[in-house]
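As structure tokens, the structure follows; a few thoughts come after it.
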Amino acid sequence: MYTTNQSVCMIEGVSVRELQATYGTPLYIMSEPELESRLGLVRSAFLDKYPNTYALYASKAMSIAAVYEKVMAAGLSIDVVSRGEMFVALHAGVPADRIHVHGSNKTVQDITFALEHGITHFTIDNMREIGLLSGLAAQHDVDVDVLLRIVPQVVGGAHEAIQTGGVDTKFGFPTHDDTYLEAVRATLEADRLRLQGIHCHVGSQIQEPTLFINTVKTMVNFIETIRQQTGFTADVLNIGGGFGVAYLESDDPLDFADTMTQVMDTLIAEVNRFGLPLPKIGIEPGRWLVANAGATLYEVGTVKEVSGVRTYVSVDGGMTDNIRPALYDAEYDVIAATRMNEEKTLEAKIVGACCESGDIISNRSLIPPVEAGDLLLVKATGAYNFSMASNYNQMLRPAVVFVKNGTHRLVVRRQTLEDLVVCEVVGQSS
Ligand code: LLP
């Protein structure tokens with residue numbers, strides 16, 4: 001994906017200087033081949049390899065039409081957690097029957113929007129939603145397919161903010177008491193709800209296959225307890241997302257294909273142990289599909305050497321297009337994209353243009369000495385960067401381009417200054 005031509009970094013054969021000249025900076029760049037190859041691996045190592053499986057793209061990672069197009073072509077469906085994500089997906093042409101609604105606090109408006117648009121796959125998170133969904137489905141005269149999200153009591157994830165599987169969580173039906181069994185009974189009795197099975201998500205950015213193995217074992221145990229206690233046998237088991245990626249070159253990322261083999265071997269062994277039928281198994285990767293396909297291009301502005309302390313290199317974006325270092329202490333590899341052949345002798349803190357000291361891209365990067373006008377490239381920014389971007393300090397959200405075989409195309413335009421005021425209601429003061 002990355003090559004060098006005369007000290008300038010090329011992504012899929014496109015020079016970063018050309019991208020800068022065409023679209024400006026900061027700029028999100030997505031490699032189409034990388035995205036396609038990851039979608040292809042989900043097919044070959046999971047969907048095509050095992051019958052009775054399904055995969056959802058956790059669209060919160062990057063919910064734009066150009067990504068949906070690739071996801072649809074690869075035969076995956078998507079999960080959404082708000083009517084905003086539903087709207088964007090429908091607008092992009094994602095068929096309603098390939099949209100699955102998740103979320104821990106679905107509103108009447110969310111559910112109504114879904115039902116009115118023919119979206120009928122839901123993962124129910126809590127008791128309130130059972131009645132709410134049942135009532136609204138009856139009102140709309142539709143049957144809905146539901147999974148119950150239960151707490152697996154398996155904790156994973158690279159940072160506290162992205163761990164979800166433990167007992168103390170806002171997500172899902174508790175399993176340390178009988179809440180999940182009551183939920184099964186209530187759903188079976190509820191009008192218009194067709195209970196399909198159970199769902200969980202232990203956390204995000206998981207690098208150990210063992211966590212997925214333990215999740216499968218635990219969930220099959222719950223399937224068996226539910227069968228014994230309620231007579232309901234789950235047809236579907238969704239084990240969530242969370243597949244970890246390499247952010248730094250030195251990271252040792254999860255091997256997706258190997259993990260899926262272990263997951264399926266475990267599943268088969270566990271259901272056989274209990275004499276259960278093999279459920280349809282689902283996964284919902286977000287980050288793993290898009291993170292490494294993405295990179296962010298910035299132009300260097302101020303280079304400030306604070307004597308005896310450190311050198312700050314400021315770029316023209318920052319926490320508005322990458323909040324992850326501030327939120328999760330996330331680390332990134334930063335490349336001096338216009339000095340690829342030069343020696344890395346500058347240890348610098350790479351910071352953004354926002355008015356706060358937490359506006360950091362990288363606490364410590366070793367790069368060649370750069371000056372205003374140089375370009376920096378931050379790798380592995382395809383997941384949760386565009387989708388968590390903000391307009392803090394009224395910075396403009398960057399454009400997104402797709403690159404492939406030496407060509408580039410705009411898929412999301414950069415915000416304009418006018419975009420910043422479209423929601424303002426002015427002239428009302430008396
Ligand atoms: N399924 C459920 C129910 C989820 O809650 C999530 C992520 C996923 C799937 C996808 O997880 P993934 O495969 O992308 O790890 N903003 C954070 C990540 C929050 C993830 C929330 N849920 C970040 O930038 O790291």
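Cβ contacts < 7 Å: first residue at positive phi, restricted to the stretch 365-387; second residue away from the ligand (no atom under 16 Å from the Cβ), any location; separation 6+ or different chain. Result? As it stands, the answer is Gly373/Glu299; Gly373/Val300, since those pairs meet every condition given. I'd like to know if the stretch 217-225 contains one or more residues that are touching a residue at least 60 places away in the same chain (Cβ under 8 Å), within 22 Å of Ala183 (Cβ to Cβ) and either outside the structural domain of Ala74 (by TED's automatic domain parsing) or touching an Asp or Glu at 6+ places or on another chain (Cβ under 7 Å) (or both). No: the stretch 217-225 contains no residue that is touching a residue at least 60 places away in the same chain (Cβ under 8 Å), within 22 Å of Ala183 (Cβ to Cβ) and either outside the structural domain of Ala74 (by TED's automatic domain parsing) or touching an Asp or Glu at 6+ places or on another chain (Cβ under 7 Å) (or both). Where residues in the stretch 197-222 are away from the ligand (no atom under 16 Å from the Cβ) and under 13 Å from Ala234 (Cα atoms), which of them is surrounded by the fewest Cβ atoms within 10 Å (Cβ to Cβ)? Going through the qualifying residues, I end up with Asn221. Regarding Ser204, is this residue over 21 Å from the mean Cα position of the chain (by Cα) and polar (S, T, N, Q)? In short, no.
Close Cβ contacts (under 7 Å, 6 or more residues apart or on different chains) running from residues in the stretch 29-43 that are free of Cβ contacts under 8 Å to residues at least 60 places away in the same chain to residues that are buried (at least 16 other Cβ atoms within 10 Å of the Cβ) and assigned to a helix (DSSP H, G or I) comprise Glu36/Lys70.
Confirm whether Gly282 is within 16 Å of the ligand (Cβ to nearest atom) and under 22 Å from Ala389 (Cβ atoms). Write out each step before concluding.
Values: within 16 Å of the ligand (Cβ to nearest atom): yes; under 22 Å from Ala389 (Cβ atoms): no.
The answer is no for Gly282.
Hey, can you tell me all the residues within the stretch 104-139 that are within 22 Å of the chain's Cα centre (by Cα) and either in contact (Cβ under 8 Å) with a residue 40 or more places away in the chain or closer than 18 Å to Val184 by Cα (or both)? Across the stretch 104-139, the qualifying residues are Ser104, His121, Phe122, Thr123, Ile124, Asp125.
Answer yes or no: is there a residue in the stretch 19-41 that is touching a Pro at 6+ places or on another chain (Cβ under 8 Å), surrounded by fewer than 24 Cβ atoms within 10 Å (Cβ to Cβ) and either more than 20 Å from Lys280 (Cβ to Cβ) or of a type in the set (Val, Ile, Thr) (or both). There is at least one residue in the stretch 19-41 that is touching a Pro at 6+ places or on another chain (Cβ under 8 Å), surrounded by fewer than 24 Cβ atoms within 10 Å (Cβ to Cβ) and either more than 20 Å from Lys280 (Cβ to Cβ) or of a type in the set (Val, Ile, Thr) (or both). In the set (1) closer than 28 Å to Ala65 by Cβ; (2) under 24 Å from the mean Cα position of the chain (by Cα); (3) surrounded by 14 or more Cβ atoms within 10 Å (Cβ to Cβ); (4) hydroxyl-bearing (Ser, Thr, Tyr), the condition left unmet by Thr169 is number (1).
Checking Asn272, Asn385, Asn292, Asn322 one by one, the residue that is modelled with pLDDT of 95 or more and surrounded by fewer than 22 Cβ atoms within 10 Å (Cβ to Cβ) is Asn272 and no other. Of all residues in the stretch 407-430, those that are free of Cβ contacts under 8 Å to residues at least 60 places away in the same chain have Cβ atoms under 6 Å from Cβ atoms of residues that are surrounded by 13 or more Cβ atoms within 10 Å (Cβ to Cβ) and among the charged types (D, E, K, R), 6 or more apart or on another chain, in Gln415/Arg397.
The values are calculated or read from the model by the stated rules, or taken from the named source; none is laboratory data. Just so we're clear, the structure is a prediction, and the values are computed from it rather than from any experiment. Because the Cβ atoms are built from the backbone with ideal geometry, glycine has one as well, and the counts that use them run over all protein chains shown.
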